[in-house]
Amino acid sequence: MTDTFTPVLTANWGQPNSWKLSAYEAAGGYKAAAKALKMQPAEVLGVVKDSNLRGRGGAGFPVGMKWSFVPQDNPNPKYLVVNGDESEPGTCKDMPLLLASPHTLIEGMIISSYAINCHTAFVYIRGEVLHVHRRVRQAVAEAYEAGWLGKDIKGSGYDLDIIVHAGAGAYICGEETALLNSLEGRRGQPRLRPPFPAVEGLYASPTVINNVESIATVPSIINHGAEWFAGMGTEKSKGFTIYSLSGHVAKPGQYEAPLGITLRELLERAGGIRAGHELKFWTPGGSSTPILTAEHLDVPLDYEGLASAGSMMGTKALQIFDETVSVVRTTLRWVEFYKHESCGKCTPCREGTWWLVQLLRDFEQGVAAEGSVDKLLDVAGIVNGKSFCALAGGACACVTSAVKHFRAEFEQGYTTPAWEVLPYEASALFAVEGGDVR
Amino acid sequence: MSDAPVELIKVTIDGVEVEVPKGTLAIRAAESVGIAIPRFCDHPLLEPIGACRQCLVEVPDAGNGRGFPIPQAACTLATAPGMQIKTQATSQMARDAQVGVQELILLNHPLDCPICDKAGECPLQNQAFANGRAESRYDGVKRTYPKPLQLSPQILLDRERCVLCARCTRFSEQISGDPLIALTERGAVQQVGLFADEPYNSYFSGNVVQICPVGALTAKSYRFNSRPFDLVSTDTTCEHCAAGCQLRTDHRHFTTRRRLAGAAPEVNEEWNCDKGRFAFASGHEDRLTTPLVREDGQLRPASWPEAIAAAAAGLQAAGDSVGVLTGGRLTLENAYAYSKFARIALGTNNIDFRSRPGSDEEAGFLAHAVAGVRSGVTYAALESAKRVVLVAFEPEDEAPIVFLRLRKAVRKNKLRVLTIAPFASLGSQKLGAELVQCLPGQEVAALQKLELDADTIVLVGERAALSPDTLDQAVHLTAKAQAGLAWIPRRAGDRGAVEAGCLPNLLPGGRPVGEPAARVDMAASWGEDLPIEPGLTSDGMLEAGLAAYVAAGIEPADYASQQAVQSALGNAFVVSLENRVSPVHDFADVVLPVALIEEQSGHFLNWEHRGGFVGRVNTQAKTAMTDLRALGMLAAALGKPLGLASTSQAAAEFAALGPWEGKRAALVSPAKDSPKGLLLASWHQLLDASRALDGAPELATTARPAKALLGPKTAKKYSIDPGAEIAVIGSEGQVRLPAEISEGMVEGAVWLPAKGTPAQPYSIASLGVAPGGVVELKGGDGNE
């Protein structure tokens, strides 16, 4: 029996020792790799292309097309780099995936590397999540031992090495060119494009960078075929994905579903908003996607649906906030994050996030100057779209969307601290020692 | 240069259609039609970074019919055919973006213009006025740092002023290859920093001060020294080496305050070295202001007429046993005056500009292959060459701007550099040079093994003179392979001195002394018969013990044998033309004070044979006499007037001579000499105990420490431990310094810098051995 929520990517997460090679193989793991290694690389690429799989890291770029940009006549080695620097506030899908089933990623990497003629692939894992880093390293070691990595994989004549690299804890290293810099041992700051990584990426060689989830989806496509995958989802957003629900929701967690599902459906599955409360606002894809409200409950959660609602798909991190939450406070916390994570390379992001935090603090403390909501919007305006990469845009998106939907609440910041408008204790999910949640 | 035609594309900027080479950045394309887009991080000689975002423009059409929805950074935007660009002049979007970024840049800037050295010439100040808001809307507390951060003894950083454009860090990485400063931290506390235990010691560090678009980087020697609008600027040519850098010298109250690299795309681009920037000629207390004559064994001040009469009497008494020793500081015009003075007033060919060990082979080489020749080997030729071979030449130390150009070619054009040397120096490493290892003095064997071709350029340094047959073979081999060949001397006046005929075998313009037609040519111009016999080289003059010497700008310690200098000058009548008190004055009978380079105009010829104008910086000179005017008076007193009343007259007379088009001098066979024993390898580091560094204490501190370099086998043979103090012993004396043992050093030789540091000075001259000669080693305790 299959229904909308029948899992593929997360199917084995609940099994005992799901992260072990034995458990993974027992559940049918590595069949796709074996199958792919018998195909021609171009055929594998063709299947992924036909499936219309789009990148799961946020931008939604078609994966097969990205692979086809790799110039195969370039004499340099080709590299696959898997982006596991998941750091966006609210986003929690790659880390649980790697904890629960690291071999899904490794199998995906074998197939993907084979398709682009790569013999050295990298996994870049966010530095703070040491347990995930350990688990992936262990899985890679297991895969080497079982002959799924190394020389002449399972007699196919194909060689692949996987290098697991821990970042040093920088959000910006999730930006693909900053990730490459970091991987090369340089400062984690984004690079100029062009040249694009597909042509001149890691060590100035052709490089494909994909999100963990994108690559982990590849084995199922090889197993079941492009048509099967394309049969799920919506017209332009095919397949299934992992939605992470967090915040004021009865059962937070990772929910696998076809693209195009609505928040209303997901909330039903997750037991609704926490008891006795109602939805105030939510992010569709992490804090860098403009916030939405209860009126958007039926927007299809796919690339096109969210764009038409004035937001973005992002990382499908659905942060749910009920009516007790101060939007001023939330926005400040988010922008504090972006200020902290700004790499400093370009002026608008470095100085702009620094300024926005100071302005927002005034709103939170109820000491903002009369009329300064417009100044807040104006500052966001001189930052947004002027920066080197998308980080500052994310910081501005939450500010402008919050003001758009809740301008009156900001205007209360001229006179009243946010904690008086909406006492913070009311939105806490659990009691805080000492009672001060500020 | 590539012969491929440059593809031109048409773009429209603010409604003006312009043709630019394909790939031109929008900011450059705009410049070409006179539209200045404000910028901070952009620098045409650095790779684009797009960090400051000040140059945002609107692109309504990228050339494909579609525009960009958000403003684009003009400094990183490559133009495409048909692209439409609207700058702040025509686009509200661009204007708003630029005003916004400007406000953000000033957000944490202290606006301390009233106490900032940069105010008045500050791109931030200028662009804030031109493109910024009148008032900031920021009312918070600005970011501050303890100030200043000392990056090196010379370079200071006031971090709160910094706009983080990364020009300095990109310069140090991309241009000079000394990536010792880098951005550290992130976000709003990102800052320029350096390694914990390594100061930013670079031969080129001063450039970062010049390219800093705000007042964040300052040089200690200029900090709080002047306001830009109080300075008077003079364009000039650097006097420190043969690279020929164009400079701008700024003075106030007739005291030089600072020197900046001039914009000379064909020569030094927009860079110069720290010696050229921070070591000035003026400001020394030992400046000579009046003539001196020796009386009762002591030099005493004298009037010009008395000194000239005394000098003339002494020279007359010496008859034809007289010689002229000139040094590297002379402009072309002054060198020409000495050349003419020797031939006409003294009637001798005893003149030699080589105030250093040289050889007859070298004099022959200079007469045959250098004088009057424009070889076509230029900076541009180096940049587009496929391969450059360095023979007895260390560009970073001996011609730093040649080093920068080679490095640029290595980075951008995949130039391959080979160095024939005893080890791969720091400079060679930064060029990624391939070492062709040889013992000092044996470069010729290594050169003969190379397969030269028409895409190769051979650069020989002045030390090639000490390597028998190297110069002769360089001529033969490059001619055979149609490879390029250039001689790169170390001193600014050297190439001009060759052209002026400050050599015993050479008259001006490359006319060989031994060629009767050349002598006739010169005699016709000068209206005097010329001496027929070739003269003595500088070594020859010192050995010969002449009765009188005219010395100009020489340091005794630059010659190989101090004993020879002492016995020659000590027993002769010596006229010294000098601007500062010099060790030569221990021997001088008459001292004529002459103008500093800053007090006169003229020209230097650089190694390419390119003329560089020397501008007169100081018009309130303490002495009005240039070398050529003092010589003119002396010649008149000797009854042989030179007819050179002024520098411009000398320049005009020299130019009218033109180059020699007759038979060229033949090469001179090398001295056959193969010394046995431990050989001395040495060259002058850029910054050392040279008198040029007097008065520049910060610069002097950045000199590289002096160490004796030994291969492991050689060290073992002499039982020397790493770091131990050793004595390098020559026939006349010894030098003591710490030993460094390196696998990369050729065995059978010891390398040490020709001079110590200003803090611990020594000179290999005290050894009495020239590089390539035999020395002995002893451990620090004096035991063998």
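The values are calculated or read from the model by the stated rules, or taken from the named source; none is laboratory data. All values derive from a computational prediction rather than experimental measurement. In this analysis, Cβ positions are derived from the backbone assuming ideal geometry, glycine residues included, and neighbour counts consider all displayed protein chains. Areas reflect the complete protein model, heavy atoms only, side chains present, ligands, DNA and RNA absent. Shrake-Rupley method; radii C 1.70, N 1.55, O 1.52, S 1.80 Å.
Structure notes:
- Shown here is the pair-distance distribution of the stretch A:192-277: with all Cα-Cα distances grouped in 5 Å bins from zero up to the longest one, the shares run 3, 12, 16, 14, 13, 14, 13, 7, 5, 2, 1, 0 percent.
- Zone residues, the stretch B:39-56, relative to B:V99, backbone N less than 17 Å from point 7 Å out along Cα-to-Cβ: B:54-56
- Set A:K375/B:K220; A:K151/B:K408; A:K339/B:K430; B:K275/B:K414; A:K31/A:K316; A:K93/A:K339 screened for pairs whose C-alpha atoms are more than 31 Å apart: A:K375/B:K220; A:K151/B:K408; A:K339/B:K430
- Using C-alpha pairs below 8 Å separated by at least 6 residues, the relative contact order for chain B is 13 percent.
- Length released on extending from B:A454 to B:A313, taking residue separation times 0.36 nm less the Cα-Cα span: 45.2 nm
- For the peptides B:130-138, A:371-379, the ranking by packing is A:371-379, B:130-138, with the highest mean count of neighbouring Cβ atoms within 10 Å listed first.
- Ellipsoid fit via the Cα gyration tensor, the stretch B:479-625: semi-axes of 27, 23, 18 Å, each the root of five times an eigenvalue, largest first.
- Solvent-accessible heavy-atom area per residue, rounded to whole Å², over chain B at 1.4 Å: 37 Å²
- Span per principal axis, largest first, for the Cα atoms of the stretch B:240-316 (Å): 53, 30, 20
- Virtual paramagnetic centre 7 Å along Cα→Cβ of B:Q760, amide N under 11 Å, in the stretch B:710-739: B:723-726, B:736-739
- The stretch B:353-442 - convex hull of the alpha-carbon atoms, volume per residue in Å³: 114 Å³
- Distance between the stretch B:92-160 and the stretch A:155-218 - C-alpha centres, whole angstrom: 36 Å
- Taken over the alpha carbons of chain B as equal point scatterers, the Debye sum produces base-10 log I(q)/I(0) values at 0.05, 0.10, 0.11 Å⁻¹ of -0.29, -1.08, -1.25.
- Based on every Cα atom in the stretch B:665-784, Rg and the maximum pairwise Cα distance Dmax equal 15.5, 52 Å.
- A Förster radius of 45 Å, combined with the Cβ-Cβ distance separating A:D73 from B:A479, puts the computed FRET efficiency at roughly 0.60.
- Furthest towards positive pole of dipole, B:L415, B:S355, B:H43, structure part chain B, Cβ charges: B:H43
- Placing dummy labels 7 Å off each Cα toward the beta-carbon, the span from A:A146 to B:N126 is 6.6 nm.
- Simple rule: put +1 on each Lys or Arg Cβ and -1 on each Asp or Glu Cβ in the protein assembly as shown, find the dipole, and look at A:G310, B:A309, A:T331; the Cα lying farthest toward the positive end is A:G310.
- All aspartates and glutamates inside 14 Å of B:K640 as judged from Cα atoms, apart from same-chain residues fewer than 8 positions distant: B:E528, B:D529
- The stretch A:104-139 versus the stretch B:656-691: alpha-carbon centroid distance in Å: 62 Å
- Theoretical FRET efficiency, 1/(1+(r/R0)^6), r = Cβ-Cβ of B:Q429 and A:Q365, R0 56 Å, to 0.05: 0.50
- Using R0 = 35 Å, the C-beta based FRET efficiency linking A:A23 and A:M65 works out to 0.55.
- Total accessible area lost when A and B pair, probe 1.4 Å, Å² to nearest 100: 2500 Å²
- Across the stretch B:579-706, Cα pairs under 8 Å and at least six residues apart give a relative contact order of 14 percent.
- Carbon/sulfur fraction of accessible area - the stretch A:294-425, other protein chains in place, 1.4 Å, %: 53 percent
- Segment B:R580-B:S674, extension gain: residue separation times 0.36 nm, minus the distance between their alpha carbons: 29.9 nm
- For A:E268, the solvent-accessible surface computed with a 1.4 Å probe is close to 140 Å², ligands and nucleic acids excluded.
- Of A:Q254, A:S237, A:I221, farthest towards positive along the dipole that unit charges on Lys, Arg, Asp, Glu beta carbons give the stretch A:209-295: A:Q254
- Test item: Cα-centred dipole of the stretch A:235-288, Lys/Arg +1 and Asp/Glu -1 on Cβ, debye: 80 debye
- Our estimate of slack between B:T619 and B:K22, defined as 0.36 nm per intervening residue step minus the Cα-Cα distance, is 210.1 nm.
- Ranked packing of B:365-374, A:359-368, most packed first, by mean Cβ within 10 Å: B:365-374, A:359-368
- Sorting the Cα pairs of the stretch B:224-275 by distance into bins of 5 Å, from 0 upward, gives 5, 22, 28, 20, 16, 8, 1 percent per bin.
- Ratio Rg/Rh, restricted to the protein assembly as shown and using Cα atoms, in which Rh is the Kirkwood radius: 1.07
- Computed over protein heavy atoms with a 1.4 Å probe, the accessible surface of chain A works out to 38 Å² per residue.
- Simple point charges give the picture: +1 on the Cβ of Lys and Arg, -1 on the Cβ of Asp and Glu, and for chain A a dipole about the Cα centre of about 940 debye.
- When peptides B:646-652, B:771-777, A:351-357 are sorted by average Cβ neighbour count within 10 Å, with the highest value leading, the order is A:351-357, B:771-777, B:646-652.
- Overall, chain B carries a charge dipole of about 1740 debye about its Cα centre when +1 sits on the Cβ of Lys and Arg and -1 on the Cβ of Asp and Glu, all other atoms neutral.
- Separation in nanometres of the label points that stand 7 Å from Cα toward Cβ, at B:E285 and B:L8: 6.3 nm
- For the stretch A:21-129, the equivalent ellipsoid derived from the alpha-carbon gyration tensor has semi-axes of 23, 19, 14 Å in decreasing order.
- Global form of the stretch B:613-666, assessed from the alpha-carbon gyration tensor, a/c cut-off 1.5: oblate
- Here the spin labels are modelled as points 7 Å beyond Cα on the Cα-Cβ line, and at B:R374 and A:R264 they lie 8.4 nm apart.
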